[in-house]
Amino acid sequence: MAGEVVEKKDTDKDASEGKKKLSSWLNKSMKVKMTDGRTLIGVFLCTDRERNVILGGCEEYLKPLEGNEKEEPRILGLAMIPGHHIVSISIDKSQLQDSEFQ
Amino acid sequence: MEGTMQTQPPSDPGGQGSDGRVDSKSRYDWKDITEEFMSSASALQMGELLHDTNFGLFEAMSAIEMMDPKMDAGMMCNQIQRKVLTFDSALESGAIKIKDLSIPELIGIMDTSLACLVTWLEGHSLAQTVFTNLFLHNPYMIDDKCLKAFSILMLKLVDHIRDRVNRAGVFEEEDFQSLTYGFKMAADVTDARATGMMKEVEDDLNRIIKMTRSKVGEERDAQTEQEHEITNALFSRVKFFRLFLMGLLSFSKEKCEGIPQAQKLICQLLELLPIIRDTICMGIQPDNKEVGKNDYPTIMGFEPLVNQRLLPPTFPRYTVIRSREEALGHIEGLLYRLQIVTTVPELTTFHIIMEAFQEFSKSSPCVLSRSILQLTLLPVNKRVFGVHTMVDFLKDTIRNFIAPPVLSQKSALYNNSQAKQYVDAWFVQVVRPFTALVQITGHNRARQRDKWAHILEDLSALQEEADKVDACLHQMLTKMEPNRQHIACLGNWVLYHTLQAMISYLLAGFELELYATYEYHYVYWYLYEMLYSWLINTLHRADNFLLENETMADSQQKGRSNKKNKKKKRIKTLNKEITLAQAGQQMFGGYYKAVMGFRLDGKMQMPEFQFDCEEVRYSHRFQPFTNVSTPPYIPYVQYKEMSDLNRYEPDATAVSLYGAACKCFHQAKSLLESFHNPSEEVQAMIKVAKVNFVVMKILMGGHKKDSQEPPVFDFTSHPVYPTIKMV
């Protein structure tokens, strides 16, 4: 029982740290690459423990960009990307005002 | 902090394609946070959502889920192996030709285009049907004269159809998709130019046909003969598409002036159809490859997935393009329906029009013919056939129905300015609900039921107004002509339409198979005891007004062969309507009594569901009627009281009820047989009445007396009046 309490304390600390980080990304532009190769760009709105991500005002880009072909995005709007389909996540640095990550 | 300062995802092959990407995404300065994100997120509690205050679970619910094949239309593009070509890329790679197309290629393209058009008309999106044809994306680039003219004409055709359907406004999302996705519809080419270009192609082809024609005393070789035939096949198509557009255009000429031309064109089109049907095989055909859910083999110039990325972020809809034969079948049906539309301007009163429109609707016509029908009656200027105002037209209709003194020139009220004012003010309110009545008949069958329910409120309000006007007019009239009356005159006319709407609402329930057999008894009762008996009274009342009006007119011509007048046949009567209503009442009376007999006989069991309550079902079925003040709504308790068998026949037995039903069906049959030229509808009713009469008769004789088998109500002969079968 005691051990659990200690552990909980630990995770609490991690959690608050992690939450802070996640919160600082909220409402910033985010780029998510999916397992099928598509890339989505939208505003980061919501996530949970399963790393499901909800992006607002989402634009979809197909991966294969051959030659100099410019790709028109498809407007998706509000989209949820299941955590297990996410390959990588990037955040728009220019929107992060805090120097914390730069 | 790994992967900082990465502007590209790590998996991207360096350099290649970065130009385009930088352009479109240069406003971002990406930083990879995958690891950080993952670890931070995993520290969240189970079920905990991290979000801003203005974003909650509710908003989250409406997000589309990526990688879910039911929601994510974009998945399709990645799951197919081949490359999807646009017009430009197809041209570049040589996948499509824009000059020197062979005749089989042209025939194939035309037939496939027609199949796409028909699929669109059946409710699919333009992007997944007509615009899978790459040639339509940029017809001006095409060098081939025939293909160019055809492509432009096709665009004009789509544009015109879209305009008609949108204007008529009798479609719902399941009927028609009007979204154009920003495609250009050749707006800079006039209709005349488009058809003119086709005519030129036609003339060129005609020359070849003449050259290759068999001449007297000359042997054609096989090649010439074949050329002749195949050119003729193409010629017929070019001509068909040109005349098809012209035909549709002639329907939208002002004041129905194009109707005679439309009639002629439809005949010509119907003559061309068999030639086209017989030569479908001459066009190029798609390879026999596997058909996927959204991808299917096509011929040159067609790319099913080209517009996949234009589709809105809703769940994906899979479009199966009709076969070329099916498409021709659809067009043939459309042409026959349009032929019926050309007869509409001959109809003279609102009532006849409503009857004709409802009859038209019974065959579940396509959205285009429904729209053209509506626009022929009420074009953009909202005048009947583009000529008469709706008010004048309705006044005429009312004169023929009930001959109100205020609208009769012979009456003193006619020229009374105050009376005129009342009536005109009332007519202003009449136009909207009565236009809506016509429109209801233009909607698809399933939607009509809802709309009948909705219109009842408007009709009820209008009726109250009419009663007030009638009361005022009556007061004025009794002062001028004491022996005449105006009570419930205009009101009676509105009541007639209210009852018709209520009946249509209930009958639609049969057609849409909404009622369970254990509900039949109250539906039949309501029709038999309430609606049809009100309808008959309403018609009798109107008929009396007509008679009174005629005798008034006759008495004013006194002195001139008075005796002859007495024997004179009445000019206007509602005999036909009355007989039909009586027949309907007898039919439903028959069904009602039969059903009650079955219940007493133990042949029809009531369900015993847990928490079941008949009153709830009853109230639900007749809910729209609560908005109508006349006829008053009969609540369940009152229905139970009124329909209590013990009240009328204390010792009613199944046999006596079968006997009563038998009488009803017999009466219905005799009433219907009094028509001289029975319509198909009446003939079908007679047939059903006859069968039911016999079934009731043998049941009376004790047939299947001990059987508990429920009877079968068979709607194959008529969608509303079933034949009763004992199994």
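Against the definition (more than 7 Å from chain A (Cβ to nearest Cβ), charged (D, E, K, R) and farther than 15 Å from residue A:24 by Cα), how does residue B:48 come out, yes or no?
no
Do the conditions hold for residue B:41, that is, is it at pLDDT 70 or above, over 25 Å from residue A:75 (Cβ atoms) and touching a Leu at 6+ places or on another chain (Cβ under 8 Å)?
yes
In the range B:348-398, what residues are open to solvent by 70 Å² or more (accessible area, probe 1.4 Å) and basic (Lys, Arg)?
B:362, B:382, B:383
When the range B:390-432 is examined, which residues are found to be among the basic types (Lys, Arg) and either modelled with pLDDT of 90 or more or touching a strand residue (DSSP E or B) at 6+ places or on another chain (Cβ under 9 Å) (or both)?
Selection gives B:395, B:399, B:420, B:432.
Could you pull out the residue among B:604, B:552 that is farther than 30 Å from residue B:503 by Cα and at pLDDT 75 or above?
So the residue among B:604, B:552 that is farther than 30 Å from residue B:503 by Cα and at pLDDT 75 or above is B:552.
From (1) assigned to a loop (DSSP other than H, G, I, E, B); (2) within 14 Å of another protein chain (Cβ to nearest Cβ), pick out the condition that doesn't hold for residue B:309.
Here residue B:309 clears every test but (1).
Out of (1) within 12 Å of chain A (Cβ to nearest Cβ); (2) open to solvent by 40 Å² or more (accessible area, probe 1.4 Å); (3) in contact with an Asp or Glu (Cβ under 7 Å, 6 or more places away or on another chain), the odd one out for residue B:99 is which?
With respect to (1) within 12 Å of chain A (Cβ to nearest Cβ); (2) open to solvent by 40 Å² or more (accessible area, probe 1.4 Å); (3) in contact with an Asp or Glu (Cβ under 7 Å, 6 or more places away or on another chain), residue B:99 is out only on (1).
One line per residue, one yes/no per condition, for (1) more than 14 Å from chain A (Cβ to nearest Cβ); (2) under 25 Å from residue A:61 (Cβ atoms); (3) surrounded by 18 or more Cβ atoms within 10 Å (Cβ to Cβ):
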site: B:54; (1), (2), (3): no, no, no
site: B:106; (1), (2), (3): yes, no, yes
site: B:112; (1), (2), (3): yes, no, yes
site: B:117; (1), (2), (3): yes, no, yes
site: B:123; (1), (2), (3): yes, no, yes
site: B:126; (1), (2), (3): yes, yes, yes
site: B:130; (1), (2), (3): yes, no, yes
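Which of the numbered conditions does residue B:295 fail, given that it passes all the others? Conditions: (1) open to solvent by less than 50 Å² (accessible area, probe 1.4 Å); (2) in a helix (DSSP H, G or I); (3) acidic (Asp, Glu).
(2)
Which one of these does residue A:59 not meet: (1) modelled with pLDDT under 90; (2) outside any loop (DSSP other than H, G, I, E, B); (3) open to solvent by 10 Å² or more (accessible area, probe 1.4 Å); (4) facing chain B (nearest Cβ under 7 Å)?
Result: residue A:59 passes all but (4).
Report, by residue number, each residue of the range A:13-47 that is open to solvent by less than 10 Å² (accessible area, probe 1.4 Å), more than 8 Å from chain B (Cβ to nearest Cβ) and aliphatic (A, V, I, L, M).
Passing the criteria: A:30, A:32.
What number of residues in the range B:261-304 are modelled with pLDDT of 85 or more and farther than 30 Å from residue B:226 by Cβ?
8
So that you can scan it fast, the table gives a plain yes or no per residue for (1) β-branched (Val, Ile, Thr); (2) open to solvent by 60 Å² or more (accessible area, probe 1.4 Å):
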position	(1), (2)
B:608	no, yes
B:614	no, no
B:626	yes, yes
B:639	no, no
B:647	no, yes
B:654	no, no
B:660	no, no
B:666	no, yes
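Can you find a residue that is of a type outside the set (Phe, Trp, Tyr), touching a His at 6+ places or on another chain (Cβ under 9 Å) and closer than 30 Å to residue B:371 by Cα anywhere in the range B:231-238?
no
Looking for whichever is within 26 Å of the chain's Cα centre (by Cα), assigned to a helix (DSSP H, G or I) and in contact (Cβ under 8 Å) with a residue 12 or more places away in the chain here; the options are B:477, B:473, B:413, B:437. Which one fits?
B:437
What's the total number of residues in the range B:170-212 that are more than 14 Å from residue B:130 (Cα to Cα) and assigned to a loop (DSSP other than H, G, I, E, B)?
Residues meeting the conditions: 11.
List every residue pair whose Cβ atoms lie under 9 Å apart, where the two residues are 6 or more positions apart in sequence or sit on different chains, the first residue falls within the range B:224-243 and is open to solvent by 30 Å² or more (accessible area, probe 1.4 Å), and the second residue, located anywhere, is among the basic types (Lys, Arg) and at pLDDT below 95.
Cβ pairs passing all conditions: B:228/B:213; B:228/B:220.
If residue B:484 satisfies all but one of (1) within 27 Å of residue B:622 (Cα to Cα); (2) open to solvent by less than 20 Å² (accessible area, probe 1.4 Å); (3) in contact (Cβ under 8 Å) with a residue 60 or more places away in the chain, what's the number of the condition it fails?
The one condition residue B:484 does not meet is (1).
Which ones in the range B:369-389 are modelled with pLDDT of 95 or more and in contact with a Lys or Arg (Cβ under 7 Å, 6 or more places away or on another chain)?
B:369, B:371, B:372, B:375
The values are calculated or read from the model by the stated rules, or taken from the named source; none is laboratory data. Quick caveat: nothing in here was measured; it's all calculated off a predicted structure. Every residue, glycine among them, receives a Cβ derived from its backbone with ideal geometry; neighbour counts consider all protein chains shown. In case anyone asks, the SASA skips ligands and DNA or RNA and just uses the protein heavy atoms, side chains included. Shrake-Rupley method; radii C 1.70, N 1.55, O 1.52, S 1.80 Å.
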